[in-house]
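Step one of this worksheet: look at the structure below.
The values are calculated or read from the model by the stated rules, or taken from the named source; none is laboratory data. Computed from a prediction, not measured in an experiment: that's the story for all the values here. Don't worry about glycine lacking a Cβ; one is built from the backbone with ideal geometry, like all the others, and counts go over all protein chains shown. Only protein heavy atoms, including side chains, enter the accessible area calculation; ligands, DNA and RNA are left aside. Shrake-Rupley method; radii C 1.70, N 1.55, O 1.52, S 1.80 Å.
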Amino acid sequence: MRREASVLHLDLDAFFAAVEQRDKPSLRGRPVVVGGVGGRGVVATASYEARAYGARSAMPTAEARRRCPSGTAFLGGRFGAYRRTSDVVMALLRELSPLVEPVSIDEAYVDLAAGPGLDLSVDGVTALARGLKERIAAATGGVTGSVGIGSSKLMAKIASDLDKPDGLVVVPPGSELDVLHPLPVTRLGGVGPATAERLHQVGVKTVSDLARKSLPDLVALAGRAHGTGLYQLARAEDDRPVVAEREAKSVSQEETFERDLTDLSRLNRLIDAMATRVGTRLRASALSGRTVTLKLRRYDFTTITRSQTLPQPTDDARQVASIARRLLVEAGTGGGLRLLGVGVSGLSQYAQGDLFALDVEDAPPEEAAQAEPAAVAEEPAEPLPPAERRWWPGQDVVHDELGPGWVWGRGLGRVTVRFEGPLTAPGPVRTLAADDPALHPGDPPEWRTATMGA
């Protein structure tokens with residue numbers, strides 16, 4: 001391990017919900033849940049106000065609705081707004097060090113030892129972290145983050161979670177075990193519910209309990225690789241470096257349905273669309289992959305995967321779709337599917353041999369029409385959804401006369417909009433016809449003007 005606390009971990013607090021509360025003044029201080037808003041939706045993030053009622057990430061949205069009081073805002077995600085805010089934060093981290101490893105859109109490690117002229121004493125990194133938190137809040141319009149600093153990734157990650165939200169914890173070198181051992185064993189990465197249950201059965205509830213187990217005991221319990229990892233983590237042994245560029249392991253696309261689907265032709269069309277998006281992302285990254293995977297979640301929540309490995313890598317959406325369709329036939333749709341996903345893994349930098357192959361998505365309209373399967377062309381067109389389905393809760397909109405706002409709710413041919421933004425006071429609510437020609441989808445509101453003028 002390092003001799004100084006020089007690994008920083010930043011975890012933005014309830015990030016999606018925090019961005020929504022920043023951009024929507026009427027939601028500040030109120031419970032907010034972001035995620036799927038349909039009957040099969042899942043919570044992505046709950047604000048701390050909503051967490052007080054038991055709402056949690058990965059919980060079915062229906063369960064969160066039962067737990068949270070009336071007036072809780074249930075919003076669909078606005079990934080563009082989150083990405084823009086994340087980019088601002090990651091740029092601030094790169095001012096500290098060239099070695100920044102984003103783990104997700106709201107989480108990253110920073111190797112402070114690679115930063116120019118930084119004071120790596122405990123007092124020095126504490127002052128640095130305080131300044132970083134202040135700059136993040138100012139540059140993002142009030143979004144906060146919890147910072148942990150330690151002698152390894154393990155300790156930095158543990159530290160950032162000890163005093164949330166808006167926390168700052170530095171673990172001085174030499175005190176790692178004093179911090180680590182009293183914690184529940186579930187705080188260690190890789191200890192999920194199944195592993196935790198096995199450990200509890202042998203009397204292991206804290207990291208200290210785990211440290212008293214021998215390496216052979218843990219290998220017998222969890223397997224060689226996992227058992228060895230647990231043995232090392234219980235002793236704070238972690239020499240993983242901060243890697244600025246994380247290599248992608250797979251590219252995938254999936255969708256959860258509001259109703260269980262059994263119709264093979266409709267599922268095949270969904271596979272085609274997912275494969276097209278996967279192929280586009282592969283080519284944009286100059287990647288190809290050898291393994292095509294189909295993911296299914298059945299009506300009873302059973303999740304299965306089927307895959308096929310190719311002799312050569314591919315980025316061809318048509319080939320991916322063809323394999324995924326065949327895997328679907330083999331897996332079957334009995335009872336109905338609530339989730340479907342298509343992915344490509346085993347990635348490498350690889351150029352397709354057939355440079356003249358024309359993908360349907362790149363073809364001119366007349367060629368695309370010729371390339372579309374005749375069976376699809378003969379199917380009757382699906383009816384257009386009602387006008388209200390154009391809108392979803394939390395969506396940014398703009399009205400020609402009333403200005404910018406966001407969708408509060410929809411139904412019965414109407415849409416309810418609150419007209420406000422990050423620079424305004426809580427705004428008025430208006431209910432409009434869902435097909436009002438003056439109402440249009442909008443862009444995420446601008447919040448930087450407020451921070452620049454502060």
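Data overview
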{"item": "Residue list for the stretch 15-37, restricted to those being part of a loop (DSSP other than H, G, I, E, B) and open to solvent by less than 10 Å² (accessible area, probe 1.4 Å)", "result": "Lys24"}
{"item": "Residues (farther than 12 Å from Leu230 by Cβ and of a type in the set (Lys, Arg)) located in the stretch 188-210", "result": "Lys205"}
{"item": "First in the stretch 38-62 and at pLDDT below 85, second anywhere and aromatic (Phe, Trp, Tyr) and assigned to a loop (DSSP other than H, G, I, E, B), Cβ under 8 Å, 6 or more apart", "result": "none"}
{"item": "Selection status of Gly427, in a loop (DSSP other than H, G, I, E, B) and at pLDDT 60 or above", "result": "yes"}
{"item": "Extreme residue, most open to solvent (accessible area, probe 1.4 Å), among residues of the stretch 279-315 that are farther than 24 Å from Ala58 by Cβ and among the β-branched types (Val, Ile, Thr)", "result": "Thr309"}
{"item": "Qualifying positions in the stretch 239-259 - under 25 Å from Met90 (Cβ atoms) and either modelled with pLDDT of 85 or more or open to solvent by less than 100 Å² (accessible area, probe 1.4 Å) (or both)", "result": "Asp239, Arg240, Pro241, Val242, Val243, Ala244, Ala248, Ser250, Val251, Ser252, Gln253"}
{"item": "Residue satisfying all of: in the stretch 316-341; open to solvent by less than 20 Å² (accessible area, probe 1.4 Å) and touching a helix residue (DSSP H, G or I) at 6+ places or on another chain (Cβ under 8 Å); farthest from Arg281 (Cα to Cα) among these", "result": "Leu337"}
{"item": "For Pro98: the one exception among (1) under 15 Å from Gly167 (Cα atoms); (2) outside any helix (DSSP H, G or I); (3) open to solvent by 10 Å² or more (accessible area, probe 1.4 Å)", "result": "(1)"}
{"item": "Pairs where the first residue, in the stretch 63-74, is within 15 Å of Gly394 (Cβ to Cβ) and the second is assigned to a helix (DSSP H, G or I) and open to solvent by 50 Å² or more (accessible area, probe 1.4 Å), C-beta under 9 Å, 6+ apart", "result": "Thr72/Glu49; Thr72/Arg65; Phe74/Arg65"}
{"item": "Meets criteria (touching a strand residue (DSSP E or B) at 6+ places or on another chain (Cβ under 7 Å), over 15 Å from Val202 (Cβ atoms) and surrounded by 15 or more Cβ atoms within 10 Å (Cβ to Cβ)) for Leu233", "result": "no"}
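Yes/no matrix, rows are residues, columns are (1) surrounded by 11 or more Cβ atoms within 10 Å (Cβ to Cβ); (2) modelled with pLDDT of 95 or more; (3) within 30 Å of Phe16 (Cα to Cα):
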residue	(1), (2), (3)
Glu361	yes, no, no
Ala369	yes, no, no
Glu388	yes, no, yes
His399	yes, yes, yes
